[in-house]
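Notes follow the structure.
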Amino acid sequence: MNQANINDLANAAGVSPVTVRHHVNGLLAAGLITAEAVRQNVGRPYYTYTLSEAGHELFPKKYFALSSRLLVELKDRFPAAVVNDLFESLVQKIVDEHRQEFEPLTFEQRLDYTVELLAEEGFLARWEQVDGTYRITEFSCPFLGIGQQHAEICSLDTALIEAVMGTTIEQHSCMLNGDNCCQFTIDQHQVPLNEVQIR
């Protein structure tokens, strides 16, 4: 179950914690999220928030049942290599549709573009620089439900990020495994020096 505190939500949305707290209170009152107290050794407890069942119902289901049945049918009829090739072809078509937009961009501009492209596909994501790496974090996944039955669909966002960024990425966490987010890193040494912006 995915949880986030006020600061997590503020960082993801790019707004102040005060603004987030105002919206969180409204969502709690509407029964769309639940709160859980996390006690610390020192100081007051803080709260983490999770979508309630009613909250999940507000998000598009991406035709979950039909998609699941189609995937079952595909896997029954074709070898795994053919099914994987179909997924790769799907990603390639998305990339080809946007190639002229992202190819002229610098590396960090591509990171911004990748986050926007993921948002178009239903992901809530952000990127940041941490300890000599670029970190991409996805806080929500539109395929989480279907991915629990068909784990191969989890490769879609990974392949999309690698295709746009033009480099390999390393995955450190996955919501399908029960983690709070999907997290990927790119070693800064993989980026041409003239494309690294000093922050």
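Coordinate-derived values only; no laboratory data. Remember, it's a predicted structure, so these values are computed and weren't measured experimentally. No Cβ is skipped: glycine too gets one built from the backbone with ideal geometry, and neighbour counts run over all protein chains shown.
Laid out as a table, the results:
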quantity	calculated
Label-point separation, V15 to A80 (7 Å along Cα→Cβ), nm	4.4
Relative contact order [Cα under 8 Å, 6+ residues apart], the chain, whole percent	19
Per-residue HN-Hα couplings for region 153-158 [Karplus 6.51, -1.76, 1.60; θ = phi - 60°; Hz; x = Gly/Pro]	5, 5, 6, 4, 5, 4
Modelled FRET efficiency - R0 30 Å, D131 with N180, Cβ distances, 0.05 increments	0.95
Protection-proxy order for peptides 156-162, 42-48, 91-97, each taking the mean of Cβ atoms within 10 Å per residue, highest first	156-162, 91-97, 42-48
Protection proxy ranking of 69-78, 124-133 - average other beta-carbon atoms within 10 Å, highest first	124-133, 69-78
Spacing of the two label points (7 Å from each Cα toward its C-beta) at H22 and E73, in nm	4.9
Amide H within-cut-off set for A125, under 5 Å, with H built and near neighbours excluded	F139
Percentage of interatomic Cα-Cα distances in the chain larger than 27 Å	39
